[in-house]
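One structure is given here, and the rest of the page talks about it.
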Amino acid sequence: PKRARFTLANRIDNLALDVIEDLVEARYTRDKLERLRAVNRRLERLRVLLRLSYRLRYLSHDGYEYAAKAVNESGRMLGGWIRDLEKPQP
């Protein structure tokens, strides 16, 4: 399981960095809404991997709680941005 732990941690790290990179891309592209929806899907995958890490006991309760709060807060902000873009423009 040491290799599995490393693989899972590596995937979580990569997904978190992908989210950051995609947010930067979304900021400077015309097709913001589609980019942000892709980021939202990545955040959901990140949530799943964090839950899995916790259930496999690779992540402590405190570590999981901290990460989950950060991902959820990011999701709320992202959801607000998406809703704002989905509103009909006058």
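The values are calculated or read from the model by the stated rules, or taken from the named source; none is laboratory data. Keep in mind it's a predicted model, so treat the numbers as computed, not measured. Because the Cβ atoms are built from the backbone with ideal geometry, glycine has one as well, and the counts that use them run over all protein chains shown.
Any residue at all in segment 22-40 that is hydrophobic (A, V, I, L, M, F, W, C) and closer than 30 Å to residue 2 by Cβ?
No.
Does residue 30 satisfy the condition of being modelled with pLDDT of 95 or more and among the basic types (Lys, Arg)?
Criteria not met by residue 30.
Filter segment 44-87 for residues that are of a type in the set (A, V, I, L, M, F, W, C) and within 15 Å of residue 9 (Cα to Cα) and give the result.
Within segment 44-87, 46, 48, 49, 50, 52, 56, 59, 67, 68 qualify.
Residue pairs, Cβ under 8 Å, 6 or more apart or interchain, first in segment 63-90 and of a type in the set (A, V, I, L, M), second not in a helix (DSSP H, G or I). List them.
From segment 63-90, the pairs are 67/59.
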